[in-house]
Each structure stands twice: as C-alpha cells, then as structure tokens.
Ligand SMILES: C[S@@+](CC[C@H](N)C(=O)[O-])C[C@H]1O[C@@H](n2cnc3c(N)ncnc32)[C@H](O)[C@@H]1O
C-alpha cells in the first residue's frame, strides 16, 4: 500500500485551546506538516495552547503562509490536494470519501469559517455530517474527525508506543 500523507492547515484559527487540540490530533494521526495560513506573525505557543497540545508542537514541522496565494502556489508545486473541511452547498460528505492523494486538510476560523474566495481555490470541500440540532462543530473537533478519516486508511501502522497506554498493534 502506498501511504498518503496529510498536512493540517489552520486558516485563521484563533483560539489557543483549539490550536493546541489540533496539534495534538495532528501528532496522534501522524500528520506531515502543520501550516498556518492568513496570520500576521508565527503562532506563539504560550501556556494556553500548550496545555492542550502537551507541547507536541515541538515534534511538528510548522510553516506559515501569511499570504494565501503563496500557500496555493506552494501546494501546487508540491502536488498537494487542497481539501477544505467546511459546511456548504458544494460540500460532499466525508463519509466514504477516498483520500487518494497527498493532501492539505484545511479548517477555518471559529467565527467566520473559511471564506468563499478561499474555498473556490480548493480542490474539494467536505462536510462532516451532523445528526442533531447544532449549526456546526467546534473547529478542533472537526479537524480531529477529518484527520482521523484520512489517517485510518493511510497509516503505516508503526506508531505504537511501547510501555504506554497506546501499546496496541494496529
Ligand atoms: C465553528 S466553525 C465556523 C462557523 C462559522 N460561524 C461559519 O458560519 O462558517 C469553524 C470551522 O470548523 C469546521 N467545521 C465545523 N463544523 C463542521 C462540519 N460539520 N463539517 C465540516 N467542517 C466543520 C470548519 O472548518 C469551520 O470553518
């Protein structure tokens, strides 16, 4: 099996807690890079983030694209499929979606989501089905579910941690 890799892309996610949780899931699901898009300065991992990331950002390759066009140029050059995780009229369900390419999985800002102009530049838009009465999920929850969906069919199965709780053969 050829294992595909994913980068986790945060589009203007603002809350330190959410950033921390996304980092933790990124590491748990064996992501490649963490990419911040649309920020003025590199993300400063203070205590608010680290309480949730468990300082796992130290294990991550982190890149910043202040200008979103530079991000799209970089992803094109490196053959990454841009998959926005977002609710919208043009979104497809993530259930049964086959992740067959190296991909950027992109989640959006807590208040405004991912803007339409940005979504138009993406190759795919996927929504996570919701079954109860709420408008949307928390962004870190959305990222975690999407990363898991990608990783479950695209992992090398070698990440067990001997002597820890997760000492489980995949
Ligand atoms: C709290 S939501 C943004 C809500 C915002 N008020 C809006 O109208 O777009 C933050 C991010 O979580 C993700 N998200 C939340 N629920 C989702 C769902 N059911 N499917 C896919 N993505 C979701 C998207 O990436 C979204 O940009």
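Could you tell me whether the stretch 26-44 includes any residue that is on the phi > 0 side of the Ramachandran plot and free of Cβ contacts under 8 Å to residues at least 12 places away in the same chain? Write out each step before concluding.
Restricting attention to the stretch 26-44, the residues satisfying the condition of being on the phi > 0 side of the Ramachandran plot are 30, 38.
Adding the requirement that they be free of Cβ contacts under 8 Å to residues at least 12 places away in the same chain leaves none.
Within the stretch 26-44, none of the residues are on the phi > 0 side of the Ramachandran plot and free of Cβ contacts under 8 Å to residues at least 12 places away in the same chain.
Which numbered condition trips up residue 144, out of (1) away from the ligand (no atom under 16 Å from the Cβ); (2) in a helix (DSSP H, G or I); (3) under 24 Å from residue 155 (Cβ atoms)?
Of the numbered conditions (1) away from the ligand (no atom under 16 Å from the Cβ); (2) in a helix (DSSP H, G or I); (3) under 24 Å from residue 155 (Cβ atoms), the odd one out for residue 144 is (1).
Out of all the residues in the stretch 79-101, is one or more farther than 27 Å from residue 16 by Cα, out of contact with any strand residue (DSSP E or B) (no Cβ under 7 Å at 6 or more places or on another chain) and surrounded by 16 or more Cβ atoms within 10 Å (Cβ to Cβ)?
yes
Right, residue 14: loosely packed, with under 13 Cβ neighbours inside 10 Å, more than 14 Å from the chain's Cα centre (by Cα) and within 16 Å of the ligand (Cβ to nearest atom) or not? Show your work before the answer.
Values: loosely packed, with under 13 Cβ neighbours inside 10 Å: no; more than 14 Å from the chain's Cα centre (by Cα): yes; within 16 Å of the ligand (Cβ to nearest atom): yes.
So residue 14 does not fit the description; no.
Any residue at all in the stretch 136-153 that is over 17 Å from the mean Cα position of the chain (by Cα) and either within 19 Å of residue 32 (Cα to Cα) or modelled with pLDDT of 95 or more (or both)? Spell out the reasoning first.
We begin by selecting, within the stretch 136-153, every residue over 17 Å from the mean Cα position of the chain (by Cα); these are none.
Among the residues of the stretch 136-153, not one is over 17 Å from the mean Cα position of the chain (by Cα) and either within 19 Å of residue 32 (Cα to Cα) or modelled with pLDDT of 95 or more (or both), which makes the answer no.
Would you confirm whether or not the stretch 82-89 contains a residue that is at pLDDT below 95, within 16 Å of the ligand (Cβ to nearest atom) and more than 17 Å from the chain's Cα centre (by Cα)? Quick ask: steps written out before the conclusion?
As a first pass, look at the stretch 82-89 and keep what is at pLDDT below 95: 88-89.
When the remaining residues are screened for being within 16 Å of the ligand (Cβ to nearest atom), the result is 88-89.
Going one step further and asking which of them are more than 17 Å from the chain's Cα centre (by Cα), we end up with 88-89.
Looking for residues that are at pLDDT below 95, within 16 Å of the ligand (Cβ to nearest atom) and more than 17 Å from the chain's Cα centre (by Cα), one finds at least one in the stretch 82-89, hence yes.
Can you spot a residue in the stretch 54-62 that is within 13 Å of the ligand (Cβ to nearest atom) and in a loop (DSSP other than H, G, I, E, B)? Working first, answer last.
From the stretch 54-62, those within 13 Å of the ligand (Cβ to nearest atom) are none; that's our starting set.
No: zero hits.
The values are calculated or read from the model by the stated rules, or taken from the named source; none is laboratory data. Note that the structure is predicted; figures quoted are calculated from it, not measured. Positions of Cβ are generated from backbone atoms using ideal geometry, with glycine treated the same way; all protein chains shown enter the neighbour counts.
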